[in-house]
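What follows is one structure encoded as structure tokens, with my remarks underneath.
The values are calculated or read from the model by the stated rules, or taken from the named source; none is laboratory data. Since this is a predicted model, take the numbers as computed values, not measurements. In this analysis, Cβ positions are derived from the backbone assuming ideal geometry, glycine residues included, and neighbour counts consider all displayed protein chains.
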Amino acid sequence: MRKRKICVVVTARPSYSRIRSALKAIAEHGDLELQLVVAASALLDRYGNAIHSIERDGFPIVARVYMVLEGENLVTSAKSTGIGLSELATVFDNIRPDAVVTIADRYETLATAVAASYMNIPLVHVQGGEVTGSIDEKVRHSVTKLSNLHLVSTKLAGERVKKLGEDPASVHVTGCPSIDIAAEVAANPNMDFDPFVKYGGVGPTTDLSNGYLVVMQHPVTTEYDEARHQVDETLYAVKDFGLPVLWFWPNVDAGSDGTSKGIRVFREKEHPTNFHLFRNMFPEDFLRLLCGATAIVGNSSVAIRECSYLGVPAVNIGTRQLGRERGHNVIDVGHDRRDISQAIATHIERGKPKRDLLYGDGKAGVRIADCLSSANLTIEKRLTY
């Protein structure tokens, strides 16, 4: 019997972290053949060059798709989506997969979904059915409507997918595969490396033994013209709090130029002695860094997903994660430096929260591979309105 060819499209640094355990399970499954396509910002050095992590982990890459236009604004995001649609259609025509797997809710995800759908290739969506702010929710639900198989992270997400009219038999609660890496780290959480030595970065090195903050703040597409002000509030909040700050570069989204400029101007104006900036880390190193953090600050989904499992205090800022299911580790605040600082202080007073299994138990990758091997992958969709 011929193996099913499963094409997984990885388009960004966080997408790889979210799907890595599933890639491993697909590659090791006796009935599946992995076809890995790496595209968009996952190929670009300024956004962390996730392809280095992919190559280090030994996954063979069948195609690389360069599709990101410079500018980081609404026009370039739309045009990059169009380029991705065109280029990915060519890739799919060349490799002839039995199914295409797309992840989460970025604009590159939409390009993947449209290309596969119009080529009558069954589409598998990982992490559908969730609710968030910005344009991400529209993209996520659009991809759901284009998909044939839905591998969701939580029961509530699965119910939302069904309410969108999808066949209940096509919806499987697998958990989030990023939790699989968190589970491995939780078994050995000690940070056995020096982040400054291993990853370089920019800024002074500091003593992390008495606590530190990890910051990941991305622009919000529907608020892209406010990105500069929003990042300023976070910059001054964490600077004035006094702990060492390990700041990670933003995603390639509309408004990231404003976020990046705000960081650069802040460094030139304030000359902070407690800031160090990184572009990227291997997923397990980043999670070990989080395990030792006083708190994670910003608007990344890692604060909601992995940090809930690891029990890492999180200060979630603004609307980017609005509506996403969250555990007891999260305090939500607006873009106000005083509120951000107070939330950090509240976490310190409360102490480390308990682990939450909201997004999975660490076995999602194997469940995803099993679903891909056994599911009825057809292009027919039975609506249940």
Item to complete: Go through (1) at pLDDT below 95; (2) within 24 Å of the chain's Cα centre (by Cα); (3) surrounded by fewer than 22 Cβ atoms within 10 Å (Cβ to Cβ) one by one and return the number of the condition PRO250 breaks.
Response: (3)
Worksheet entry | Top-ranked residue in the range 112-139 [being of a type in the set (S, T, N, Q) and at positive phi; ranked as farthest from the chain's Cα centre (by Cα)] | ASN120
Worksheet item: Looking at SER53, is it of a type in the set (Gly, Ala, Ser), closer than 21 Å to ALA115 by Cα and touching a helix residue (DSSP H, G or I) at 6+ places or on another chain (Cβ under 7 Å)?
Response: no
Fill in: Hits in the range 276-288 - residues which are in a strand (DSSP E or B) and touching a Phe, Trp or Tyr at 6+ places or on another chain (Cβ under 6 Å)
LEU277, PHE278
Worksheet entry | Contacts under 8 angstrom Cβ, first residue in the range 85-111 being at positive phi, partner surrounded by fewer than 21 Cβ atoms within 10 Å (Cβ to Cβ) and part of a strand (DSSP E or B), 6 or more apart | ARG96/LYS5
Discussion item. Residues to consider are VAL197, VAL185, VAL139, VAL161; find the one that is closer than 16 Å to PHE282 by Cβ and without any contact (Cβ under 8 Å) to a residue 40 or more places away in the chain.
Written reply: VAL197
Practice prompt. Quickly run through the range 134-156 and pick out the residues that are of a type in the set (Val, Ile, Thr), at pLDDT below 95 and either in a helix (DSSP H, G or I) or not assigned by TED's automatic domain parsing to the domain that holds THR81 (or both).
Written response: VAL139
Response to the item:
Expected single match for touching a residue at least 60 places away in the same chain (Cβ under 8 Å), more than 19 Å from HIS125 (Cβ to Cβ) and basic (Lys, Arg) among LYS3, LYS24, LYS79 is LYS24
Worksheet item: Taking into account only those residues within the range 306-317 that are touching a helix residue (DSSP H, G or I) at 6+ places or on another chain (Cβ under 6 Å) and part of a loop (DSSP other than H, G, I, E, B), which is surrounded by the fewest Cβ atoms within 10 Å (Cβ to Cβ)?
Response: PRO313
Worksheet item: Does at least one position in the range 260-269 carry a residue that is under 29 Å from HIS141 (Cα atoms) and surrounded by fewer than 17 Cβ atoms within 10 Å (Cβ to Cβ)?
Response: no
Worksheet item: From the set of residues in the range 229-247 that are in contact with a Gly (Cβ under 9 Å, 6 or more places away or on another chain) and part of a loop (DSSP other than H, G, I, E, B), which is nearest to PHE286 (Cα to Cα)?
Response: PRO244
Discussion item. Quick check on this structure: which one of ARG355, ARG320 is under 26 Å from GLU137 (Cβ atoms) and outside any strand (DSSP E or B)?
Written reply: ARG320
Discussion item. Looking at VAL131, VAL101, VAL124, VAL91 in this structure, which one is at pLDDT 95 or above and farther than 19 Å from SER41 by Cβ?
Written reply: VAL124
Worksheet item: Of the residues in the range 348-376, how many are out of contact with any helix residue (DSSP H, G or I) (no Cβ under 6 Å at 6 or more places or on another chain) and under 21 Å from ILE26 (Cα atoms)?
Response: 10
Worksheet item: Of the residues that make up the range 375-384, is at least one acidic (Asp, Glu) and more than 22 Å from the chain's Cα centre (by Cα)?
Response: yes
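A quick yes/no check of all residues on (1) closer than 26 Å to ILE135 by Cβ; (2) out of contact with any helix residue (DSSP H, G or I) (no Cβ under 7 Å at 6 or more places or on another chain):
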{"position": "ARG4", "(1), (2)": "no, no"}
{"position": "GLU28", "(1), (2)": "no, yes"}
{"position": "GLU33", "(1), (2)": "no, yes"}
{"position": "LEU36", "(1), (2)": "no, no"}
{"position": "ARG46", "(1), (2)": "yes, yes"}
Practice prompt. Could you look through the range 217-247, keep only residues that are buried (at least 22 other Cβ atoms within 10 Å of the Cβ) and aliphatic (A, V, I, L, M), and pick out the one that is nearest to ASP336 (Cα to Cα)?
Written response: ALA237
Discussion item. For the condition in a loop (DSSP other than H, G, I, E, B), outside the structural domain of SER77 (by TED's automatic domain parsing) and free of Cβ contacts under 8 Å to residues at least 40 places away in the same chain, what is the one hit in PRO250, PRO219, PRO272?
Written reply: PRO250
Practice prompt. Give just the number: which of (1) surrounded by fewer than 23 Cβ atoms within 10 Å (Cβ to Cβ); (2) not assigned by TED's automatic domain parsing to the domain that holds VAL238 does THR294 not satisfy?
Written response: (2)
Fill in: Residues located in the range 201-219, provided they are over 21 Å from ALA345 (Cβ atoms) and out of contact with any Asp or Glu (no Cβ under 8 Å at 6 or more places or on another chain)
GLY201, VAL202, GLY203, PRO204, THR205
Worksheet item: Within the range 186-200, is even one residue closer than 17 Å to ILE344 by Cα and under 20 Å from the mean Cα position of the chain (by Cα)?
Response: no
